[in-house]
Amino acid sequence: MSAAAFPPLAEVLGRNGLAGVPEQPFPNDGWSGASMTTLRRGRDRFVLKRDSLARDWIARATLDGPILREAWFAAHGPTLPAPIRTPYLGVGMDGDEFGLLMPDLTGVLFDWNAAVTPLQLDRVLEALATVHAHPWGRALEDGADRWTPWRERLTLICRPSLERAGPAHDAVADRLLPGWDAWDRLATPAARALVDRLATDPQPLLDSLADEPATLLHGDLKLANAGIAADGAVDVVDWQMVMVAPIAVDLGWFLVANVNALPLPPDAVLDRYRAAVGAAGIRTDRTDDLAILVGLLLRGWRKGADAAAGLTLASGVGAAEDLAWWCDRAVEAAARIL
């Protein structure tokens with residue numbers, strides 16, 4: 001597939017009644033470098049996301065392109081099972097940039113700085129479990145060369161990736177390395193050594209994950225990327241790191257990326273996920289251990305930063321107590337599965 005497979009962006013806008021409509025600033029641009037603008041058609045509001053390999057550090061760090069993964073997924077990816085829904089209205093090219101048109105989901109997506117309720121959490125976990133348990137068959141083979149690679153996803157913002165020359169170093173090292181410094185000061189020696197070892201060589205974790213069944217994952221399921229629409233659907237945006245991998249990768253990131261929104265501690269969230277997945281037949285006997293290791297490798301920096309700041313998490317647990325739990329739990333997990 002080449003960029004010629006996508007229509008001009010002007011054509012996509014025209015099909016949606018937005019030809020010639022001026023673009024207005026949108027309050028939030030993507031963390032990865034993408035830009036977003038707002039367009040209005042009567043009372044309807046839309047968001048236009050512009051992205052390219054040149055502007056997007058996450059795309060470069062995860063070996064994306066030349067057709068951006070999210071653009072391909074939005075236009076040609078598999079149909080998702082209800083209740084989960086992608087919001088894309090069309091994808092087009094504007095020069096060397098991809099333009100992804102979506103409805104403005106302000107007011108639907110969860111607030112980044114507010115805790116969700118247990119009922120809302122259950123709804124998201126049920127939608128996530130539905131995707132994980134779906135019988136995809138050959139549908140996922142069509143994107144075999146487009147899914148986010150495991151190694152690059154798991155090591156995206158670990159210390160070595162931030163310290164060596166590359167996209168992560170240039171984009172976010174100054175913001176995240178202080179968190180890793182706090183982790184080094186406050187984590188237990190055994191947990192610190194474990195994360196250092198996996199950050200330097202993640203192959204033992206990758207091998208352990210390879211023993212598990214793989215399915216379609218969102219890859220970046222922050223609760224700020226999800227919301228419950230008026231019709232009950234769970235709208236999910238930002239499929240830039242969509243991948244085919246074991247469910248522990250989604251769950252590990254979900255646990256560590258949402259500490260400011262999860263109303264329950266991680267073990268309770270995992271219990272609720274298992275209840276959501278129910279009798280779907282997904283193997284989960286090693287999922288908790290793998291999710292803990294994935295989560296800490298991906299975002300131990302946040303655990304350190306929160307503990308150093310003396311925060312209380314949305315679950316009501318103090319960040320220092322939470323850090324101690326993760327340290328102990330990760331060491332126990334590694335003893336069982338690595």
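Regarding Thr188, is this residue of a type in the set (S, T, N, Q), free of Cβ contacts under 8 Å to residues at least 60 places away in the same chain and surrounded by fewer than 19 Cβ atoms within 10 Å (Cβ to Cβ)? No; evaluated as a whole, the condition is false for this residue. Just one of the numbered conditions (1) of a type in the set (Gly, Ala, Ser); (2) surrounded by 17 or more Cβ atoms within 10 Å (Cβ to Cβ); (3) more than 29 Å from Ile84 (Cβ to Cβ) is not true of Ser315: (3). One residue is enough: does region 246-259 have a residue meeting the conditions farther than 20 Å from Ser161 by Cβ and surrounded by fewer than 23 Cβ atoms within 10 Å (Cβ to Cβ)? Yes, because at least one residue in region 246-259 is farther than 20 Å from Ser161 by Cβ and surrounded by fewer than 23 Cβ atoms within 10 Å (Cβ to Cβ).
Right, Leu176: in a helix (DSSP H, G or I) and under 21 Å from Ala305 (Cα atoms) or not?
Taking the combined requirement at face value, the residue satisfies it.
Just to verify a result, which residue in region 1-30, among those that are exposed (fewer than 14 other Cβ atoms within 10 Å of the Cβ) and within 30 Å of Ala173 (Cβ to Cβ), is modelled with the lowest pLDDT? Ranking the qualifying residues of region 1-30, first place goes to Asn28. Of the residues making up region 207-224, one or more are more than 26 Å from Ala139 (Cβ to Cβ), surrounded by fewer than 19 Cβ atoms within 10 Å (Cβ to Cβ) and not hydrophobic (A, V, I, L, M, F, W, C). Identify, please: which residue in region 85-122 is in contact with a helix residue (DSSP H, G or I) (Cβ under 8 Å, 6 or more places away or on another chain) and among the hydroxyl-bearing types (Ser, Thr, Tyr) and is, among those, most open to solvent (accessible area, probe 1.4 Å)? Once the filter is applied, the top-ranked residue is Thr86.
So, Met36, is that one touching a Pro at 6+ places or on another chain (Cβ under 8 Å) and hydrophobic (A, V, I, L, M, F, W, C) or not? Against the criterion (touching a Pro at 6+ places or on another chain (Cβ under 8 Å) and hydrophobic (A, V, I, L, M, F, W, C)), Met36 does not qualify.
Residue under question is Asp170, and the condition is that it be in a loop (DSSP other than H, G, I, E, B), surrounded by fewer than 19 Cβ atoms within 10 Å (Cβ to Cβ) and acidic (Asp, Glu); does it hold? Considered against the rule, which asks whether it is in a loop (DSSP other than H, G, I, E, B), surrounded by fewer than 19 Cβ atoms within 10 Å (Cβ to Cβ) and acidic (Asp, Glu), Asp170 comes out as no. When residues in region 135-159 are screened for being over 18 Å from Ile67 (Cβ atoms), buried (at least 18 other Cβ atoms within 10 Å of the Cβ) and out of contact with any strand residue (DSSP E or B) (no Cβ under 7 Å at 6 or more places or on another chain), 6 of them pass.
You will find that of Leu162, Leu198, Leu125, Leu177, the residue that is within 18 Å of the chain's Cα centre (by Cα), surrounded by 14 or more Cβ atoms within 10 Å (Cβ to Cβ) and of a type outside the set (D, E, K, R) is Leu125 and no other. Scoring Val294 on the criteria (1) open to solvent by 10 Å² or more (accessible area, probe 1.4 Å); (2) touching a residue at least 24 places away in the same chain (Cβ under 8 Å); (3) out of contact with any Asp or Glu (no Cβ under 6 Å at 6 or more places or on another chain) leaves a single failure, condition (1).
Cβ-Cβ contacts under 7 Å between residues 6 or more apart (or on different chains), taken from a first residue in region 107-128 that is closer than 21 Å to Pro27 by Cβ to a second residue that is open to solvent by 60 Å² or more (accessible area, probe 1.4 Å) and β-branched (Val, Ile, Thr), are absent.
The values are calculated or read from the model by the stated rules, or taken from the named source; none is laboratory data. Predicted, not measured: the structure shown is a model, and the values here were computed from it. We place every Cβ from the backbone using ideal geometry, glycine too, and count neighbours over all the protein chains shown. Accessible surface areas use protein heavy atoms only, side chains included; no ligands, DNA or RNA. Shrake-Rupley method; radii C 1.70, N 1.55, O 1.52, S 1.80 Å.
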